[in-house]
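Notes for the one structure printed next.
The values are calculated or read from the model by the stated rules, or taken from the named source; none is laboratory data. All of these numbers come straight from a predicted model, not from anything done at the bench. Note that we place each Cβ from the backbone using ideal geometry, even for glycine, and neighbour counts take in every protein chain shown.
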Amino acid sequence: MSAVPALSPRGLAWLRALTGQEGLAVTGPRTVRVADAPLGAETARYIAVVPDAGNRFPRARQGEVGVDEAWALASHVRATVAADQGVRARPIVALVDVTSQAYGRREELLGIHLAAAAAVDAYASARLAGHPVIALLVGKAISGGFLCHGYQANRILALNSPEVLLHAMSKQAAARVTRRTVEELECLGERIVPMAYDVHSFARLGLVHKLIEGINADAPVGADVERVRAELIAAIADARGGSRDLGQRLRSPAAQETRAASIEVRRRLSEQWHAS
Amino acid sequence: MERLSFTYPARERLTRRAHVGVVGSGDLEVLLQPSSDQHAHVSVTTSVDGFAAVWKNVLDRFFGRFEGAALIEINDFGATPGVVLLRLEQAAEALRA
Amino acid sequence: MSGVAGSRQRFLGRRSYIELLARERARAVLDAGTFRELLGPFDGLKSPWLPLQGVVAQADDGVVIARGLIDGKAAVVAAVEGRYQGGSIGEVCGSKIAGALELALRDCERGSPVRPVLLLETGGVRLQEANLGLAVIAEIQAAIIALRRHVPVVAVVAGIVGCYGGMSLAAALCSTLIMTRQARLGMNGPEVIEQEAGIAELDAGDRALIWSLMGGEQRYATGLADALLEDDVDEIAAEVRRAFANPPGPARSEQVERFAERLARVDVALPPSPRALRDVWRREGGA
């Protein structure tokens, strides 16, 4: 079994800093926090997933997205879309610090794959309905946790901080599954960009709209918070001015270089789509 | 992982191409298409290092009967010589089908 | 809804779908003689990342994209080859799926519907392509959700790999999900759960337990799949056609309130056995 990681409060810290609220909903799990707060000239809805040592699902106490979290995300995002029918679709900001999805027997029994799909569906549907959906990576963004909370965003912003970590699997788990040591995995990441965990490498994949430098991610205060707000406002404007799909991710200079294969596949697929 | 190349003389021009197999455990895929010269060129990528002599033996056997001017790409995931020969023959058979 | 179609008497006449390679599977669900492969093995689009790690790459990166007809209507099939790298999703093969769905969406938006079918057999993200695998899975999911507004997106999970990881979410996003008894569907593979949470949480070697949790029969009986079929090419092809002929309602993943209510019926602290869960989450309507 893996060592228990320290509780990571970054999602909550940033929710408090950006909204001045705790975000506890009347119903639903304490792990999904939602708050509305002014952002520029409008109001944005902020959503964070936070750890809870008392979570009724023991496998979802360290900041994982489990069954309850995923359904709650889906519910809050869909409620936002429903509330804005016929009016300007407000921005949705996902504050991302998620350890992973929850790994457990009862999770599988209860269909965590569907719960997670519902969260993905809600965020993507919000994006398609015209909500600027912005993911702000303030901590870990690992695997299914990130798919559920952030990966469907129009724009992904990230703090350039050593604790902003991205991967398809936690380091320890990936090391076990691939029969490598954590050190070997880290070496591999230096050579193979998609294998790296750091946010700088992630940005090289063209997936990050803006890497925000020089922010103390653990203690969001004062000028740092204002700078992040300004970046959120800029990203929202950019999203509103762009298309509602994820195509922008492949158009960045970084993607042109590192995701050349993704682009080539689409180009040649398009050429062959209609029979000659 | 190891890459190997082999060339054999050929007499028969090919007009078709064939693909068989899968890069799965103990198996391989063979891509066979016409070559532009009077030779057969084989490029092997194999997950198992140090078996160049075994590959040569298998290919010698195959080209004892096959005379097509072909570009052959083999992607191997630890197939036995018997399976390699079988897949090559299936690819040759598919050309005639 | 079809329920458990077929009967044992027809056993001798069956043609196994599970035994087919991805290319043959794609051919099998399209109208006879209409299969046309896009980005096939001779197009040379392999994984750029596997050889860098000493892993032999397959010429089509393990996904077959085929255009053709289904009941005479334009269709596109994406079939994952479970025998290659466990059907794992890397940059190239995942982009083939996403790109095909994006082109189908473009055609739908221009008024020329294309019927999309996903034949899934996958352990999820290819660990050697890690973050890019996850990125393309997010793109596949986005494309399914956008396309589903125009035309049903139909998924088949047959076995023997099953459907796991981010691709299990993709399956759950589809309008119609067809499974066989040999199929498994779950977010986390049993081995991963055992590694992450310990053998007391889940013994990955306990096949009966794994099937009772994630098997096609359980997923169907608890309303998480739309059809449960025998391993038979003709039945699967016929069910795919039915899914397009009788367009389904909203996808499960859109029905948040309904599934939240179902979850509220379960005591999470003392969860029911898989068998007992079938009574709590009995199939509604149909079957």
Open item on the list: So, in region B:26-72, exactly how many residues are at pLDDT 95 or above and among the basic types (Lys, Arg)?
Closed with: 2
TODO: Hey, could you check region C:63-90 for residues that are over 21 Å from B:VAL22 (Cα atoms) and not β-branched (Val, Ile, Thr) and say which is surrounded by the most Cβ atoms within 10 Å (Cβ to Cβ)?
DONE: C:ALA75
Open item on the list: Please go through region A:228-276 and give me each residue that is charged (D, E, K, R), surrounded by fewer than 16 Cβ atoms within 10 Å (Cβ to Cβ) and in contact with a strand residue (DSSP E or B) (Cβ under 7 Å, 6 or more places away or on another chain), ordered by number.
Closed with: none
Task: Selection count, region C:115-144, where residues are at the interface with chain A (Cβ under 7 Å from one of its Cβ atoms) and acidic (Asp, Glu) - done: 2
- [ ] Write out, first by first residue and then by second, each pair whose Cβ atoms fall under 8 Å of each other, whose residues are 6+ apart or on separate chains, and whose first residue, in region A:20-35, is without any contact (Cβ under 8 Å) to a residue 24 or more places away in the chain while the second is of a type in the set (D, E, K, R) and buried (at least 21 other Cβ atoms within 10 Å of the Cβ).
- [x] A:GLU22/A:ARG33; A:LEU24/A:ARG33; A:ALA35/A:ARG45
- [ ] Taking the residues in region C:216-253 that are surrounded by 21 or more Cβ atoms within 10 Å (Cβ to Cβ) and within 12 Å of another protein chain (Cβ to nearest Cβ) as candidates, determine which candidate is farthest from C:ARG115 (Cα to Cα).
- [x] C:GLN218
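For the structure I just gave you, tell me whether A:GLY130 is closer than 29 Å to A:GLU213 by Cα, surrounded by fewer than 20 Cβ atoms within 10 Å (Cβ to Cβ) and either in contact (Cβ under 8 Å) with a residue 12 or more places away in the chain or acidic (Asp, Glu) (or both).
Values: closer than 29 Å to A:GLU213 by Cα: yes; surrounded by fewer than 20 Cβ atoms within 10 Å (Cβ to Cβ): yes; either in contact (Cβ under 8 Å) with a residue 12 or more places away in the chain or acidic (Asp, Glu) (or both): yes.
It is true that A:GLY130 is closer than 29 Å to A:GLU213 by Cα, surrounded by fewer than 20 Cβ atoms within 10 Å (Cβ to Cβ) and either in contact (Cβ under 8 Å) with a residue 12 or more places away in the chain or acidic (Asp, Glu) (or both).
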Open item on the list: Condition first: away from chain C (no Cβ under 14 Å), in contact with a strand residue (DSSP E or B) (Cβ under 9 Å, 6 or more places away or on another chain) and within 14 Å of B:ARG11 (Cα to Cα). Now tell me which residues in region B:52-75 satisfy that.
Closed with: B:PHE63, B:PHE66, B:GLU67, B:GLY68, B:ALA69
- [ ] Could you list all residues from region C:189-215 that are at pLDDT below 95 and facing chain A (nearest Cβ under 7 Å)?
- [x] C:VAL192, C:ILE193, C:GLN195, C:GLU196, C:ALA197, C:GLY198, C:GLU201, C:LEU202
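To keep it simple, each residue is scored yes or no on (1) hydrophobic (A, V, I, L, M, F, W, C); (2) over 9 Å from the mean Cα position of the chain (by Cα).
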{"site": "B:VAL22", "(1), (2)": "yes, yes"}
{"site": "B:LEU32", "(1), (2)": "yes, no"}
{"site": "B:VAL42", "(1), (2)": "yes, no"}
{"site": "B:ASP49", "(1), (2)": "no, yes"}
{"site": "B:VAL54", "(1), (2)": "yes, yes"}
{"site": "B:GLU67", "(1), (2)": "no, yes"}
{"site": "B:LEU71", "(1), (2)": "yes, no"}
{"site": "B:PRO81", "(1), (2)": "no, yes"}
{"site": "B:LEU85", "(1), (2)": "yes, no"}
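Every residue, every condition in (1) of a type in the set (A, V, I, L, M, F, W, C); (2) assigned by TED's automatic domain parsing to the domain that holds A:HIS113; (3) crowded, with 24+ Cβ neighbours inside 10 Å; (4) under 30 Å from C:ASP203 (Cβ atoms), yes or no:
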residue	(1), (2), (3), (4)
A:GLU22	no, yes, no, no
A:THR27	no, yes, no, no
A:VAL50	yes, yes, yes, no
A:ALA53	yes, yes, no, yes
A:PRO58	no, yes, no, yes
A:VAL65	yes, yes, yes, yes
A:ARG78	no, yes, no, no
A:GLN85	no, yes, no, no
A:PRO91	no, yes, yes, no
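For the structure I just gave you, tell me whether C:VAL64 is assigned to a strand (DSSP E or B) and within 14 Å of chain B (Cβ to nearest Cβ).
yes
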Open item on the list: Tell me whether region C:232-252 contains one or more residues that are assigned to a loop (DSSP other than H, G, I, E, B), more than 28 Å from C:ILE145 (Cα to Cα) and in contact (Cβ under 8 Å) with a residue 24 or more places away in the chain.
Closed with: yes
Open item on the list: Looking for something surrounded by fewer than 18 Cβ atoms within 10 Å (Cβ to Cβ) and not in a loop (DSSP other than H, G, I, E, B) - is there at least one such residue anywhere in region A:191-202?
Closed with: yes
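Somewhere in region A:204-214, is a residue in a helix (DSSP H, G or I), within 11 Å of chain C (Cβ to nearest Cβ) and either out of contact with any strand residue (DSSP E or B) (no Cβ under 7 Å at 6 or more places or on another chain) or not acidic (Asp, Glu) (or both)? It would help to see each step written out before you state the result.
Applying the first criterion (in a helix (DSSP H, G or I)) to region A:204-214 yields A:204.
Remaining after also requiring within 11 Å of chain C (Cβ to nearest Cβ): A:204.
Going one step further and asking which of them are either out of contact with any strand residue (DSSP E or B) (no Cβ under 7 Å at 6 or more places or on another chain) or not acidic (Asp, Glu) (or both), we end up with A:204.
The answer is yes; a qualifying residue exists.
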